[in-house]
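Novice: Input: one structure, supplied below.
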Amino acid sequence: MSAPIRIGILFGGPSAEHDVSCASALGVARALAGSGYRTVAIGVTSSGGFRLMPDSVLAELRDRPAGERAIDDKLVVTGPAVELRSGPCPGVVQVAAGNAPGAVHAELDVVFPVLHGPFGEDGVVQGLLESLNVPYVGCGILASAVGMNKVAMKRALRAEGIPVTPYVAFDSHTYQAADDPEDLVAGLCRPLFVKPANMGSSIGITRVDEGDDLAAAVEEALRHDQLVIVEQGVTGRELECAVLGGARPEASAVGEVRVAGGWFDYQQKYFGDADPMIVPAVLPDDVTEWIRDLSLRAFAAIGGWGLARVDFFYDETTGSVYVNELNTMPGFTAHSMYPKVWAAVGVGYREVVDRLVELARVRHAGRPVTTAGSVR
């Protein structure tokens, strides 16, 4: 009987999506435990340090019944400081005490970076794991970076003929040099959505209607990033589709997000009392297939591997569909859209996780051996 695959769950991180990552990580830990893997939870602090969660704490949280709201049901970064370093053979990474190089706490066969936002979803941690020559779940360095940066992402989509909403982008220097911020958005119609280019979970985003202060919205976005994107709002339905796979990825059912008033901001995503997700979305068959096809095309446009959630706007009055963005490590709680749209076509949460782990190993098996170091 072969030994269980040893999987390290990276969670937390220095981004504003720290709590969301901790909630997603608990969902992944529960699924991995149910699939017979040996799991090790490694928290990432707000300053980028690594902490090894005690097995007893992980087991207690993992076995606790799931809460009603995922954001309240999560792992917490705790434990002794550790470092990740190359193992005794290619494809294995060691979790070792940072102040005692000889003390190895665990060896890992695969790393599952359940990290959202900057550091975890933008190619940074992917580069770290590449340097350690260990298989890891999800998109690689380039696809992660392009998917995280909303400007680069839209440029990649446009280059492949994939429809996106009208937008402009500018950096902090351009904004500060402008006589009037309205000049920077000339040609766009309100409502506008002002966003930091590199952020997720609706953090730093402001809707700007007629009469609203554009400058205040831009300055809020600049608190999170030096690059801002301003998108023209679309009056339509918000739809989401999940992609899973490697060389031949598949698209899930299509889900819909419905919010009673306002828009789907951070508060409504994680602290709302009602479930805003309808799965599957009630759509004409041709629109459903169009969205599924666009999801696969968008995934290919950024060079995706493993998984992504693709978000859309559907304007029923004109019949137009626009790709809003891709998320290369979407929310992974039991309440999240990604597992729900797969469940709608008969692919359960544990099967999704199993396939992601296998995809990580398949990609790594096709790569040349690299020289590895250590990271703490």
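Novice: With the structure loaded, tell me whether Val228 is buried (at least 23 other Cβ atoms within 10 Å of the Cβ), closer than 22 Å to Thr165 by Cα and either modelled with pLDDT of 95 or more or of a type outside the set (S, T, N, Q) (or both) or whether it fails that test. Spell out the reasoning first.
Specialist: On the way: buried (at least 23 other Cβ atoms within 10 Å of the Cβ): yes; closer than 22 Å to Thr165 by Cα: yes; either modelled with pLDDT of 95 or more or of a type outside the set (S, T, N, Q) (or both): yes.
It is true that Val228 is buried (at least 23 other Cβ atoms within 10 Å of the Cβ), closer than 22 Å to Thr165 by Cα and either modelled with pLDDT of 95 or more or of a type outside the set (S, T, N, Q) (or both).
Novice: Among the residues of region 1-39, which ones are within 15 Å of Leu75 (Cα to Cα) and part of a strand (DSSP E or B)?
Specialist: Across region 1-39, the qualifying residues are Gly8, Ile9, Leu10, Phe11, Gly12, Thr39.
Novice: Still on this model: Residues in region 166-188 that are touching a residue at least 24 places away in the same chain (Cβ under 8 Å) and either surrounded by fewer than 19 Cβ atoms within 10 Å (Cβ to Cβ) or of a type outside the set (Val, Ile, Thr) (or both): how many? Walk me through it before giving the result.
Specialist: Step one: filter region 166-188 for residues touching a residue at least 24 places away in the same chain (Cβ under 8 Å), giving 166-172, 175, 181-182, 184-185, 188.
Subsequent filtering for residues that are either surrounded by fewer than 19 Cβ atoms within 10 Å (Cβ to Cβ) or of a type outside the set (Val, Ile, Thr) (or both) retains 166-172, 175, 181-182, 184, 188.
Selection size over region 166-188: 12.
Novice: Does Val44 fit the bill of being in contact with a Phe, Trp or Tyr (Cβ under 9 Å, 6 or more places away or on another chain) and either at pLDDT 85 or above or of a type in the set (Val, Ile, Thr) (or both)?
Specialist: Yes, satisfied.
Novice: Do we find a residue being in contact with a Leu (Cβ under 8 Å, 6 or more places away or on another chain), at pLDDT below 95, buried (at least 19 other Cβ atoms within 10 Å of the Cβ) and of a type in the set (Ser, Thr, Tyr) anywhere in region 329-341?
Specialist: yes
Novice: Looking at region 189-199, which of its residues are open to solvent by 30 Å² or more (accessible area, probe 1.4 Å), closer than 19 Å to Leu222 by Cα and assigned to a loop (DSSP other than H, G, I, E, B)?
Specialist: Listed by number, the list holds a single entry, Asn198.
Novice: Can you tell me which residue among Arg355, Arg367, Arg361, Arg350 is of a type in the set (Lys, Arg), farther than 19 Å from Val254 by Cβ and part of a loop (DSSP other than H, G, I, E, B)?
Specialist: Values: Arg355 fails: part of a loop (DSSP other than H, G, I, E, B); Arg361 fails: part of a loop (DSSP other than H, G, I, E, B); Arg350 fails: part of a loop (DSSP other than H, G, I, E, B).
Among Arg355, Arg367, Arg361, Arg350, only Arg367 is of a type in the set (Lys, Arg), farther than 19 Å from Val254 by Cβ and part of a loop (DSSP other than H, G, I, E, B).
The values are calculated or read from the model by the stated rules, or taken from the named source; none is laboratory data. Keep in mind the model is a prediction, meaning the values are calculated, not measured. Neighbour counts run over all protein chains shown; Cβ positions are idealised from the backbone, glycine included. Ligands, DNA and RNA are excluded from the accessible area calculation, which covers all protein heavy atoms including side chains. Shrake-Rupley method; radii C 1.70, N 1.55, O 1.52, S 1.80 Å.
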